[in-house]
Amino acid sequence: MKFTKSYILLVLLITTLFSNAQTSLLRLNTNINLPKDSIESKILTTSLNNFLTSLQKPNEENKFIFESEKLESFILLDEIKGIEKSEKYKDDAFYKPYLTNILSLSENGYLIQVSYIGMNENIAYLRASFTFIAHRLNNAFVFSSPLVKNTKKWKIKKAGSNTFHYQHTINKNKVKEYNKLVSNFDLKLKSKNKTTDIYCTDNIIELGRLIGVEYKADYNGRTESVWSSYQGDRKLIVYGDSNASFNEFDPHDLWHDRMFRVVSRAKYNKVFDEGCAHLFGGSWGLTWKEIWKMFTERVSSDRKKNWLEEFGKFENFGDSPQKHLRPEYVISALIIKKVEKEQGFDKVLQLITSGPYEKNNENYFKTLEKVTGITKSNFNGEIWKLIDNEK
């Protein structure tokens, strides 16, 4: 395979001379096949160097990104940020970008491969290898992820504001279910015109190669992941978790996704939001009814509990540390259920935006009292009422 060969060539790179100006970030191998036109070659390498240097800035400020594929490129840029740093060697610029391959494309551009390599005691350490598409724009080049190019022949399924990209088959029932929940959540949140592009793959290797991550040491041994990026009202999600046909999704995570598209993290209260996610989407594959049953059997069966004293301990009543369940989230779900029924979801949103978690839960209780009249002094009794009414 051509990428495998390029990795083998990395060993040779450390024994060759590199031609780069003192101010240049990019290292050029003297044996690499640059464009024959020296002016074209200079423009390409200078643009690439500027692009890599601009990675230190927020994505929106990088002027060397191909305009029509910004969102598709942001997901790749997020994987590159900070890649040059080494905690082991305490060096913020340990890994250097080496140009390892240039391939001319028929669309007036180039496929570019860059590898980040660090040297210590004559040993080369490969941190990552990335692929970009270089697009000619006037007297410079701009760059993009190869995602659009790599999925050019894929199939597309549209459902509401969601567009699914897949290679062979798609689970239409799951697509319908997903779209229904998106519509339901967005209606609660009064969220409009939020579009999502979803790409479906089987594993993290396929995911990475689609967007241009050929290799990244951070993911050694890892098989699955889901990556995403935002731009305005548009979001891109790439599934790499045995989901090439979109046979499953997590309603709990979907709630968080839709919520964060209207709520800033500066105002976000995790405990109230988790209450919503549990109530509307369950958790760890369990439905709200199943979680509630476990809560009544394992937690609220002890009538001596004082919920104010217990609140903030976040003890796990789930089946394992990995699939944890917290009493605070269930209690918050009960509060949210009552508030939505009696006052509408605008008041629930007031709870969710009550500010970040604090050790003494002041934001939580201050807003809770304002919205519901429940105070610390009557909290225990009011929670027991909600538990008994739920039964």
Among trypsin sites (Lys or Arg not before Pro) in the range 131-171, those in a DSSP loop whose Cβ has at most 15 other Cβ atoms within 10 Å are Lys152, Lys153
DSSP beta bridges in the chain [antiparallel fraction, %, rounded to 5]: 75
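Considering only the other residues whose Cβ falls under 13 Å of the Cβ of Lys174, what net charge follows from Lys and Arg at +1 and Asp and Glu at -1?
Within the 13 Å Cβ shell, the charges total +1.
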Going from most exposed to least, what order do Glu390, Glu121 have by accessible area with a 1.4 Å probe? Glu121, Glu390
With every protein chain left in place, what is the accessible area of Tyr116 in Å² (1.4 Å probe, nearest 10)? 10
Compute the length gained on full extension between Lys391 and Lys90: take 0.36 nm times their separation in residues and subtract their Cα-Cα distance, giving the result in nm to one decimal. 102.7 nm
Report, to two decimal places, the Cα Rg of the chain normalised by 2.2 N^0.38 Å (N = number of residues). 1.20
Any chance you could look up the accessible area of Ile80 with a 1.4 Å probe, heavy atoms only, rounded to 10 Å²? 0
Projected label distance in nm at His168 and Thr287, using a 7 Å step from Cα toward the beta-carbon: 3.1
Taking only the alpha-carbon atoms of the range 139-290, what semi-axes of the equivalent ellipsoid follow from 5 times the gyration tensor eigenvalues under a square root, in whole Å, largest first? 27, 18, 17
Surface accessible to a 1.4 Å probe, Tyr125 within the full protein complex, Å²: 80
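At 1.4 Å probe size, with every protein chain present, just tell me what the per residue accessible area of the chain comes to in Å².
Working: 20420 Å² over 391 residues.
Accessible surface, normalised per residue, equals 52 Å².
What are the membrane-span-like helices in the chain by this rule: whole DSSP H runs, Cα extent along the axis at least 18 Å, mean Kyte-Doolittle hydropathy at least -1.0?
38-53, 172-189, 327-343
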For the range 226-239, in order, what is each residue's ³J(HN,Hα) by Karplus, 6.51 cos²θ - 1.76 cosθ + 1.60 with θ = phi - 60°, in whole Hz (x at glycine and Pro)? 9, 10, 8, 8, 10, 7, x, 8, 10, 10, 10, 10, 10, 8
Expressed as a whole percentage, what fraction of the accessible surface of the chain belongs to carbon and sulfur atoms when a 1.4 Å probe is rolled over the protein heavy atoms? 50
Note: Arg298 to Gln343 extended length (0.36 nm per residue) minus current alpha-carbon separation gives 13.1 nm
Going by Cα centres, the range 121-150 and the range 251-295 are how many Å apart? 38
Within the range 141-173, name every residue whose backbone N is under 20 Å away from a label modeled 7 Å from Cα of Glu40 along the Cβ vector. 141-144
What percentages make up the Cα-Cα pair-distance distribution of the range 145-222 when the bins are 5 Å wide from 0? 3, 13, 21, 19, 15, 14, 11, 4, 0
Once you've got the GNM for the chain with C-alpha springs shorter than 10 Å, pick whichever of Ala277, Ala93, Ala134 has the biggest mean-square fluctuation. Ala93
Using only Cα atoms, locate the centre of the range 340-355 and the centre of the range 197-248, then give the distance between them in Å, rounded to an integer. 33
Sites Lys192 and Asn122 - FRET efficiency at Förster radius 45 Å, r taken between beta-carbons, to 0.05: 0.15
If you wrap a convex hull around the alpha carbons of the range 279-343, what volume per residue comes out, as a whole number of Å³? 94
Only bridges with both residues in the range 135-275 count here: give the DSSP antiparallel percent, nearest 5. 60
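Under 8 Å for C-alpha pairs, at least 6 residues apart: give me the relative contact order for the range 260-327, rounded to a whole percent.
Once divided by the residue count of the range 260-327, the mean separation gives 19 percent.
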So what is the relative contact order for the chain, in percent, with contacts set as C-alpha pairs under 8 Å and at least six apart? 11
Distribution output for the range 340-391: share of Cα-Cα pairs per 10 Å bin in percent, first bin at 0, values 23, 49, 27, 0
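The values are calculated or read from the model by the stated rules, or taken from the named source; none is laboratory data. Computed from a predicted structure; not experimentally measured. Heads up, the Cβs are rebuilt from the backbone with ideal geometry, glycines too, and the neighbour counts pull from every protein chain shown. We work out accessible area using only protein heavy atoms, side chains counted, and drop any ligands, DNA or RNA first. Shrake-Rupley method; radii C 1.70, N 1.55, O 1.52, S 1.80 Å.
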